[in-house]
Amino acid sequence: MAPVTISNVRKRYGSAEVIHGVSVDVQDGEFVILVGPSGCGKSTLLRMIAGLENISGGELRIGPRVVNDVPPKERDIAMVFQNYALYPHMTVADNMGFSLKLKGASKSEIKERVDRAADILGLTKLLDRYPRQLSGGQRQRVAMGRAIVRDPQVFLFDEPLSNLDAKLRVAMRTEIKALHQRLKTTTIYVTHDQIEAMTMADKIVVMHDGIVEQIGAPLELYDRPANLFVAGFIGSPAMNFLKGHLQGGRFVAQDGTALPVTVPPAASDGQPVVYGIRPEHISLGTGHAAHVSVIEPTGSETQAFIRLGDNPLVGVFRERIALQPGARLDVRLDPERVHLFDKASGQRLA
Ligand SMILES: Nc1ncnc2c1ncn2[C@@H]1O[C@H](COP(=O)(O)OP(=O)(O)OP(=O)(O)O)[C@@H](O)[C@H]1O
Ligand SMILES: [Mg+2]
């Protein structure tokens, strides 16, 4: 295990810079997730940590050692990719032990380490099978097994679950989290799935267009997003946003709808702001008369697309709601749960 220190790292392809000075401190044993929309630079950053891409600027350390110019083999990391091509002509055991064999490890050592990894991953009974005789989830576990047998300082994962169906993905993410709790190996994990990030990470790094928007524990990002990008990215369904301004201690939307808020000390009267409220913080009850657009029952809860004046909102309710489009629905928007952002900068108003 080792900490990973990413200091002001940049990446240029020709004249185009795609990573604009990213800094992240990954503690020893921590599970850090890089999340962000497609093309924001997650894989590029991970590949630079692995040594598969060179670094155009900044410094990268694994433990105390600067690894900017250290070749991948000497970084003591193991990487699991989205396309975890297993060798089709090798058994599970041979696939898992292959890197040790290349290193010249003894047969008994290979067997011992493969057996231990298989035990951790529940693959013991499958060791003699070939990849084509495995399910997608089992193949994914073999790919992880290949990484585990190497007992590296750092695990790097690049969207390892994106080829699996939804149910298997949920099961595997619990397995990976349990695995980390057991091995406590420093892990950097890339995904564009914010639910995966929320459920697995000790710390999330939200990236966007080659920069870091915010770093924090999952619930910190959920409770106090630093800006509009993070507020809109973390949480599903996404946070509702209304544009307007502050006036006399209230928020006034563009259509004149006035909503109670706790005005932050830093805010000024008349300031243009964006009002944010999460769907789960809208509840049934007296407060505001909204009107139903679409009701979507999911069984455990009800998603309601409603209009408050001219403002479309999504609410998620525990209750079942049997209302036709156009019907009136009285809702309460919890003022304690409102997020306010400066409209010009997009930054949270503290
Ligand atoms: N070899 C390359 N040459 C030029 N541009 C590249 C190269 N590889 C990546 N890029 C660009 O760098 C940016 C970041 O790409 P990257 O693959 O890191 O994104 P990502 O966040 O992993 O996205 P995704 O979620 O789609 O995997 C993109 O704009 C991409 O087009
Ligand atoms: Mg990628």
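The values are calculated or read from the model by the stated rules, or taken from the named source; none is laboratory data. No experiment lies behind these values; they were computed from the predicted model shown. Here the Cβ is made from the backbone with ideal geometry for all residues, glycine too, and neighbour counts use every protein chain on show. Areas reflect the complete protein model, heavy atoms only, side chains present, ligands, DNA and RNA absent. Shrake-Rupley method; radii C 1.70, N 1.55, O 1.52, S 1.80 Å.
Using the per-residue mean of other Cβ atoms lying within 10 Å as a proxy for protection, in what order, highest first, do the peptides 6-13, 259-266, 322-329 fall?
Details: 6-13: 16.9, 259-266: 14.1, 322-329: 11.5.
With the highest mean Cβ count within 10 Å placed first, the list reads 6-13, 259-266, 322-329.
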Over the heavy atoms of Tyr130, what accessible area does a 1.4 Å probe trace out, to the nearest 10 Å²? 80
Report the relative contact order of the stretch 4-233, percent, no decimals, based on alpha-carbon pairs under 8 angstrom and at least 6 residues apart. 29
If one puts a single equal scatterer on every Cα of the chain and applies the Debye formula without solvent, what log₁₀ I(q)/I(0) results at q = 0.09, 0.15 Å⁻¹? -0.62, -1.19
Taking only the Cα atoms of the stretch 240-342, how large is their convex hull per residue, in Å³? 85
Label-to-label distance, nm, for residues given as Arg182 and Met1 (7 Å Cα→Cβ offset): 1.6
Could you pull out every residue, at least 5 positions away or on a different chain, whose amide H is within less than 5 Å of the one on Val80? Hs are placed 1.01 Å off N in the peptide plane, and Pro or chain starts have none. Leu156, Phe157, Asp158
Using alpha carbons only, how many degrees (0 to 90, rounded to 10) separate the axis of helix 107-121 from the longest principal axis of the chain? 20
Defining a contact as two alpha carbons under 8 Å apart and six or more residues distant in sequence, what relative contact order in percent does the stretch 1-52 show? 31
Which of Thr257, Thr199, Thr124 is most accessible, then next, and so on - probe 1.4 Å: Thr124, Thr199, Thr257
Percent of accessible area on the stretch 175-310 owned by carbon and sulfur, 1.4 Å probe? 53
Trypsin sites (Lys or Arg not before Pro) lying in DSSP loop within the stretch 19-113, provided at most 15 other Cβ fall within 10 Å: Lys103
At what distance in angstrom do the alpha carbon centres of the stretch 229-299 and the stretch 62-141 lie from each other? 49
Taking θ = phi - 60°, what integer Hz values does the Karplus form 6.51 cos²θ - 1.76 cosθ + 1.60 yield along the stretch 90-99, in sequence order, with x for Gly and Pro? 10, 5, 4, 4, 5, 4, 5, x, 4, 5
If one compares the long axis through the Cα atoms of helix 136-148 with the longest principal axis of the Cα atoms of the chain, the angle in degrees, nearest 10, works out at 60
